[in-house]
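Here is the structure we will look at, set down as structure tokens.
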Amino acid sequence: MAPFTAVVLLLAALRGCDGNLRFASYYGDDMVLQKAPQRAVLWGYAPAGATVTVFLSGPVKQKRACTSATQGIWRVLLDPVDAGGPYNVTASTPSSTAVLTDVLFGDIWLCGGQSNMYFKTSQVFNASEELALSAKYPHVRTFMAALNSSETELIDLIQVELPWSVPSARILSEFSAVCWLFGRYMFEKLKYPIGLVESCWGGTSVEAWSSPRALKQCGLQQTENSTKEKSSVLWNAMIHPFRTMTIYGAIWYQGEANADYNKNKYNCSFPAMIDDWRMAFHSGSGGQTADDFPFGFVQLCTNNKGATDDGFPDIRWHQTADVGFVPNYPMKKTFMAVTLDLPDEASPYGTIHPRDKQDVAYRLTLGARAVAYGEPDLLFRGPFPQLIWASETFVEINYDQLVSVRPSKDVFEVCCSVVTAPGGSSSRWVPAAVVAWSASAVRLNASSCQPSEVAALRYAWKDWPCGVKACPVYTANGVLPAPPFIVQKYEAGKRNIWKTKVVNWNGTSERRTPRWRSADLLQAQSQTKDGDEESSMTLISSRVTNIV
């Protein structure tokens with residue numbers, strides 16, 4: 001077992017010094033252990049020096065023995081067990097026995113973040129119907145850590161809020177809606193047990209959930225804020241204890257608290273936290289949790305309908321490490337649910353807490369199926385620009401997939417500026433209306449800017465860019481919204497990314513005109529011919545290196 005700090009070892013010794021054999025706090029009846037090919041880790045407390053024998057009885061049988069550490073901790077690594085159950089797990093010494101009953105093997109997902117992950121199933125739209133369905137999913141099990149903080153890294157939870165349970169309306173009424181619905185939808189696809197571990201706290205920053213190692217990667221200092229916001233205190237008490245457990249993946253819903261706190265560091269702090277969690281769980285489980293375990297997250301929804309610069313657009317962008325989509329190079333094996341089109345103006349819990357968690361969980365599920373489980377040919381993310389053209393009066397965006405489009409006057413914007421670093425608070429952004437679209441492209445009216453002044457383009461760069469499922473651009477089936485993006489013509493200190501060579505929709509030297517559908521028939525009929533536009537067209541490539 002990896003060495004622990006003196007303080008943590010003292011805590012473990014105190015927990016084990018009562019002489020009782022027991023499992024660690026997050027093991028219990030009705031739990032799920034990670035299935036094969038990974039190996040599940042079991043550990044707990046016993047008198048120092050005692051030999052602990054662990055028996056697994058059920059569809060298959062195992063017997064493992066170990067000698068407890070001098071600090072009173074024992075640990076066993078089971079052989080791989082296929083999905084299924086039920087099993088009994090018995091730990092015994094010559095003088096005592098501890099038993100876990102109705103244990104299943106499946107995939108374990110950790111659910112973390114702040115209040116929108118904490119948001120209860122009893123608070124969602126159609127809550128009574130969702131709760132009534134619980135009895136149909138006895139193989140999706142739930143566990144919830146209690147809210148606690150610590151100045152040091154703990155190896156076990158201080159307290160358990162909800163022990164491992166078979167789902168019921170009573171249990172799920174207090175459990176995370178996003179976590180539950182995600183697990184339920186995954187079970188419907190995978191058809192084997194799912195274990196859900198909720199560990200989240202409302203109003204908390206990413207810094208509180210990050211280790212000092214991760215914070216150091218981004219030049220962030222330890223803070224002395226309130227109990228739940230102080231740097232690393234929730235990592236110490238509510239995440240670090242789970243690192244010994246073998247898990248399959250994690251989902252995350254957080255970022256609201258960072259919209260006005262270290263906002264400009266989030267493009268570093270969030271990816272750094274993910275990488276650090278992966279390293280810690282891999283090490284803590286003896287290499288059983290993958291060092292690149294899948295990590296899904298929810299891109300921020302909406303809060304203030306009239307706000308244009310409250311930090312939410314920036315956090316959405318930073319959640320992708322300023323790339324615009326995931327997975328990407330700095331955020332490998334991640335997936336994202338875009339939710340900026342799911343506002344809830346009438347939410348009794350505040351607009352920052354929309355009640356539609358079903359669509360959130362479903363979009364996360366698509367990402368998990370593609371990224372975490374490798375389901376081929378599954379459309380799991382919305383359209384993103386592949387090529388962007390600019391002419392005298394139009395901007396044309398070619399997307400990386402087929403799209404469905406609706407008219408929009410102001411969700412797209414162009415920046416009219418000749419400065420070398422446009423896009424800041426002093427830049428002049430003006431609406432660029434959608435005037436036409438094809439199967440995979442959108443044409444915008446950019447006549448509000450002089451051609452020489454068009455310096456940048458952005459999409460859905462508002463806290464509340466559109467109504468419910470009413471943003472301008474979706475996948476062809478209308479299910480997944482395009483994520484927000486921002487690209488600029490010039491990047492300070494970098495090469496000019498608006499190339500002068502004309503490249504067509506397929507990347508060859510002759511441009512092919514799409515079949516346009518028009519938001520304004522007269523404008524569509526008056527568009528210039530291909531040859532007339534050719535000399536004035538320029539190109540933006542929206543690859544990672546070209547994004548602000």
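Quick note: the coordinates plus some simple rules give every number you see, no bench work behind them. Keep in mind that this is a model prediction, so the values were computed, not measured. Cβ: placed from backbone, ideal geometry, glycine included. Neighbour counts: every protein chain shown.
Details
- Annotation: amide H of Glu161 within the under-5 Å range of Met144, Ala145, Ala146, sequence separation 5 or more or interchain, hydrogens built in the peptide plane.
- Over 19 Å (Cα to Cα) - which of Lys230/Lys265; Lys265/Lys333; Lys332/Lys357; Lys409/Lys462; Lys35/Lys63 fall in this group: Lys265/Lys333; Lys332/Lys357
- Compared with the direct C-alpha span, the chain from Lys305 to Met279 gains 5.4 nm at full extension, assuming 0.36 nm per residue.
- Cα-based shape type of region 105-372, given that a ≥ b ≥ c are square roots of the gyration tensor eigenvalues and the cut on a/c is 1.5: rounded
- The stretch between Lys136 and Glu174 holds 11.9 nm of extra length on full extension. This uses 0.36 nm per residue minus the Cα-Cα distance.
- In this simple spin-label model, placing a label point 7 Å from the Cα along the Cα-to-Cβ direction at both Gln221 and Asn88 gives a separation of 5.8 nm.
- On the basis of the beta-carbon distance and an R0 of 56 Å, Glu392 and Glu151 show a calculated FRET efficiency of 0.35.
- Taking amide H as placed 1.01 Å from N in the peptide plane, the amide H of Ala433 sits under 5 Å from that of Asn445, each at least 5 places away or on another chain.
- Per-pair calculated FRET efficiency, R0 = 56 Å: Glu129 and Arg213 via Cβ, rounded to 0.05: 0.80
- Segment Ile158-Val430, extension gain: residue separation times 0.36 nm, minus the distance between their alpha carbons: 92.7 nm
- For region 365-377, backbone phi angles converted through the Karplus equation (6.51, -1.76, 1.60; θ = phi - 60°) give residue-by-residue couplings of 4, 4, x, 5, 4, 7, 8, 7, 10, x, 5, x, 6 Hz, Gly and Pro being listed as x.
- Likely footprinting exposure, Lys357, Lys469, fewest C-beta neighbours within 10 Å first: Lys469, Lys357
- For the pair region 28-86 and region 329-348, the centres of their Cα atoms are 37 angstrom apart.
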